[in-house]
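In what follows, a structure is listed as structure tokens, so that the remarks can point back to it.
The values are calculated or read from the model by the stated rules, or taken from the named source; none is laboratory data. All values derive from a computational prediction rather than experimental measurement. Every residue, glycine as well, gets a Cβ built from its backbone with ideal geometry; the counts of neighbours run over all protein chains shown. Heads up: the accessible areas ignore ligands, DNA and RNA and are worked out on the full protein's heavy atoms, side chains in. Shrake-Rupley method; radii C 1.70, N 1.55, O 1.52, S 1.80 Å.
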Amino acid sequence: MEDVLYAGKLAEEAEIWGSIAEQQASTVLPDWRYHRELRHNAVMHTADIDILLGHVCPGFNVLELGCGPGWLTVAMAQRGARAHGLDISDKALEIAHSYYESVREDIAGSATYQVADLNTIDLPVEQYDVVVAKGILHHLLNPENLVDQIHKALKPGGLL
């Protein structure tokens, strides 16, 4: 019974975030070049995200957890990284993948996307140079478990 309840709640969460991604994509392309101009980003996030992107180098393996429509994953791929975005919402990932496919020839790196439940994820050992978890930890049942998974998945000297 708990598994059924959990699966239902997970599906509801995915639907909410998918609807948000669809609404957002109807007004702004899922690309940092456009998202940086949104008021909340311009006021609160632009400087930090630009600093983060400054640490992403060509050839890096990077992971974005809770990537939504993928604008930050694409931004890391634009810097030459092999970027992988995970999200709970297949709708959000459809937007991310569709946009990436439309611009991929102009991107130095690559972007891939996958549906994942970050509450139960098992990340590979020492796989990533950078792991990004922007605005997601407070949505998880056990954020400590994800932090442990991130620690395991980062290469020595990697950046969270």
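Determine if the range 27-35 includes at least one residue that is basic (Lys, Arg) and surrounded by fewer than 16 Cβ atoms within 10 Å (Cβ to Cβ). Yes, the range 27-35 contains at least one residue that is basic (Lys, Arg) and surrounded by fewer than 16 Cβ atoms within 10 Å (Cβ to Cβ). State whether one or more residues within the range 75-95 are touching a helix residue (DSSP H, G or I) at 6+ places or on another chain (Cβ under 9 Å), under 16 Å from LYS134 (Cα atoms), without any contact (Cβ under 8 Å) to a residue 40 or more places away in the chain and in a loop (DSSP other than H, G, I, E, B). Among the residues of the range 75-95, not one is touching a helix residue (DSSP H, G or I) at 6+ places or on another chain (Cβ under 9 Å), under 16 Å from LYS134 (Cα atoms), without any contact (Cβ under 8 Å) to a residue 40 or more places away in the chain and in a loop (DSSP other than H, G, I, E, B), which makes the answer no. Summed over the range 19-61, residues that are farther than 28 Å from ALA108 by Cβ and in contact (Cβ under 8 Å) with a residue 12 or more places away in the chain total 3. What's the total number of residues in the range 129-146 that are under 23 Å from ALA75 (Cα atoms), open to solvent by 60 Å² or more (accessible area, probe 1.4 Å) and not basic (Lys, Arg)? The total comes to 1. Taking first residues from the range 1-18 that are touching a residue at least 60 places away in the same chain (Cβ under 8 Å) and partners that are part of a helix (DSSP H, G or I), the Cβ contacts under 6 Å between residues at least 6 apart in sequence or on separate chains come to TRP17/ALA92; GLY18/LYS91; GLY18/ALA92.
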